[in-house]
Amino acid sequence: MLFYERSMPPTRIGVTAAAGPYSVVIGENTIATLGGELDASGLGPRRILVSSPRVWELHGAKFRKAGAARTPVLVEDGERAKTLATVSRVHDALVKAGADRATVVIAVGGGVIGDLVGFAAATYLRGIRVVHVPTTLLAQVDSAIGGKTGVNHALGKNLIGSFHPPSLVVADPVVLGTLPRREFRAGLYEVIKYGVIAEPSLLDLVRTALPAIFAREPEAVAPLVAASCRIKAKVVTADERESGLRRILNFGHTVGHALEAATKYKRFRHGEAVGYGMLAALWLGVARGVTPQSLYEEILDLIGHLGPLPPVSDISSKDALAAMGRDKKVVAGTLHFVAATGRGATTTLTDVSSKELKAVLKKLGLRA
Ligand SMILES: NC(=O)c1ccc[n+]([C@@H]2O[C@H](COP(=O)([O-])OP(=O)(O)OC[C@H]3O[C@@H](n4cnc5c(N)ncnc54)[C@H](O)[C@@H]3O)[C@@H](O)[C@H]2O)c1
Ligand SMILES: [Zn+2]
């Protein structure tokens with residue numbers, strides 16, 4: 001029997017962090033070459049892989065074959081496991097394995113594993129190197145790049161953290177084939193975000209190739225991941241610490257985070273809340289006269305095509321507004337709101353009144 005082997009070379013994107021440059025390698029079956037990638041980046045030979053039972057059961061065999069690591073350390077994932085207690089379990093495993101400053105930790109999983117393992121690596125021996133192998137679409141297009149790591153506190157999300165860029169990121173779209181459809185879709189909203197803020201061709205790609213994208217055909221998904229990573233890499237290279245440009249990545253996140261907080265992080269996948277948040281930002285922009293109505297309609301239509309979003313009609317605008325007031329995007333008392341000025345262009349509004357926000361929330365369908 002003949003096997004057709006696709007031989008598309010992986011996409012390589014460079015990120016420049018203050019701590020040093022690193023590569024993001026994206027492509028079909030790149031996990032099979034992980035061992036070689038680690039060698040080529042000078043990362044080895046002491047390697048400890050950390051994953052979750054679920055991810056390892058689905059994809060562990062690929063890593064064993066690649067010879068990238070021996071027995072993995074497995075910790076639970078999901079938002080409820082994103083705690084200091086889980087980080088402590090990773091530290092325990094590192095101590096027991098005799099990890100030293102030459103050890104490289106390889107985080108294999110979604111954004112939760114990436115964030116918590118990254119934080120464990122940032123704090124063990126005041127920082128050892130970490131490599132990300134993201135396995136959700138959200139982690140591949142967003143959380144694995146940029147160096148933000150951390151965990152939740154009982155009183156708030158991502159309150160404890162540190163800045164610790166990875167030494168390598170390897171994103172293989174093949175693993176996305178096992179992702180539940182809702183998780184996959186949640187990542188697509190972030191892809192749409194990149195389309196609005198920087199790369200309009202992504203919007204066309206999502207619209208025209210949606211069936212192949214939902215079928216997780218690597219040839220359809222890899223370009224989305226690569227284009228998204230390219231934007232994130234460029235933005236964090238230019239503004240690693242979010243003093244300016246990096247804020248554009250918050251497009252749709254002001255209202256998105258507020259919806260997540262107002263529903264105690266139980267109702268929405270993060271991307272779904274960002275879906276609403278983008279519509280809110282676009283609508284606000286239209287009301288202000290900075291966003292073309294046509295862009296609002298285009299994104300409304302595209303988001304509608306992805307599938308249903310969880311309901312918002314029982315969320316009170318007051319709760320959502322209060323959550324916005326506590327947002328990390330409040331700088332010296334004013335809320336920074338990213339608005340779109342066209343396909344692939346943004347501006348920051350710093351003088352948005354609560355009256356305007358109320359009108360936007362009403363338009364989204366929240367109750368008074
Ligand atoms: N560091 C950053 O810059 C940054 C950016 C965005 C989001 N985040 C963080 O990312 C987290 C969300 O990440 P997420 O959406 O990946 O969620 P997640 O890590 O909780 O993963 C979602 C679910 O998918 C499962 N899963 C993972 N890979 C799979 C696969 N290939 N097949 C089947 N199931 C799989 C996991 O077991 C989990 O149940 C949040 O905590 C958020 O704060 C961080
Ligand atoms: Zn996001």
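The values are calculated or read from the model by the stated rules, or taken from the named source; none is laboratory data. This structure is a prediction, so every number in the text was calculated from the model and none was measured. Cβ placement follows ideal geometry from the backbone for every residue including glycine, while neighbour counts extend to all protein chains displayed. Keep in mind that these areas ignore ligands, DNA and RNA; they rest on the heavy atoms of the full protein, side chains included. Shrake-Rupley method; radii C 1.70, N 1.55, O 1.52, S 1.80 Å.
Results, tabulated for the structure shown:
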{"quantity": "Test result for Ile248, more than 12 Å from ligand 1 (Cβ to nearest atom), touching a helix residue (DSSP H, G or I) at 6+ places or on another chain (Cβ under 6 Å) and open to solvent by 10 Å² or more (accessible area, probe 1.4 Å)", "calculated": "yes"}
{"quantity": "Residue check, Gly187 under 30 Å from Leu38 (Cβ atoms), modelled with pLDDT of 95 or more and in contact with a Lys or Arg (Cβ under 8 Å, 6 or more places away or on another chain)", "calculated": "no"}
{"quantity": "So Tyr276, is it within 13 Å of ligand 1 (Cβ to nearest atom), open to solvent by 10 Å² or more (accessible area, probe 1.4 Å) and more than 13 Å from the chain's Cα centre (by Cα)", "calculated": "no"}
{"quantity": "Residue that is open to solvent by 60 Å² or more (accessible area, probe 1.4 Å) and touching a Pro at 6+ places or on another chain (Cβ under 8 Å), where the choices are Arg326, Arg288, Arg367, Arg343", "calculated": "Arg343"}
{"quantity": "Counted residues, the range 126-180 - those being more than 16 Å from ligand 2 (Cβ to nearest atom), without any contact (Cβ under 8 Å) to a residue 60 or more places away in the chain and among the charged types (D, E, K, R)", "calculated": "1"}
{"quantity": "Helices (runs of 4 or more DSSP H) enclosed by the range 189-243 - at least 2 residues per element that are farther than 18 Å from Val174 by Cα and more than 15 Å from ligand 1 (Cβ to nearest atom)", "calculated": "200-208, 218-238"}
{"quantity": "From the options Ser143, Ser162, residue that is within 8 Å of ligand 1 (Cβ to nearest atom) and at pLDDT 95 or above", "calculated": "Ser143"}
{"quantity": "Lys264, sole failed condition from (1) in contact with an Asp or Glu (Cβ under 9 Å, 6 or more places away or on another chain); (2) closer than 23 Å to Ala81 by Cα", "calculated": "(1)"}
{"quantity": "Selection count where residues are open to solvent by 10 Å² or more (accessible area, probe 1.4 Å) and within 9 Å of ligand 1 (Cβ to nearest atom), scope the range 146-159", "calculated": "5"}
{"quantity": "Number of the exception - Leu259 against (1) in contact (Cβ under 8 Å) with a residue 60 or more places away in the chain; (2) within 17 Å of Thr16 (Cβ to Cβ)", "calculated": "(2)"}
{"quantity": "Residue in the range 292-302 that is within 16 Å of ligand 2 (Cβ to nearest atom), touching a residue at least 60 places away in the same chain (Cβ under 8 Å) and either among the aliphatic types (A, V, I, L, M) or out of contact with any Leu (no Cβ under 6 Å at 6 or more places or on another chain) (or both) present", "calculated": "yes"}
{"quantity": "Leu116 being of a type outside the set (Ser, Thr, Tyr), open to solvent by less than 10 Å² (accessible area, probe 1.4 Å), part of a helix (DSSP H, G or I) and within 25 Å of Thr263 (Cα to Cα)", "calculated": "yes"}
{"quantity": "Output for the range 58-107, where each listed residue is among the hydrophobic types (A, V, I, L, M, F, W, C), within 25 Å of His153 (Cβ to Cβ) and surrounded by 13 or more Cβ atoms within 10 Å (Cβ to Cβ)", "calculated": "Val73, Leu74, Val75, Ala81, Leu84, Val87, Val90, Ala93, Leu94, Val105, Ala107"}
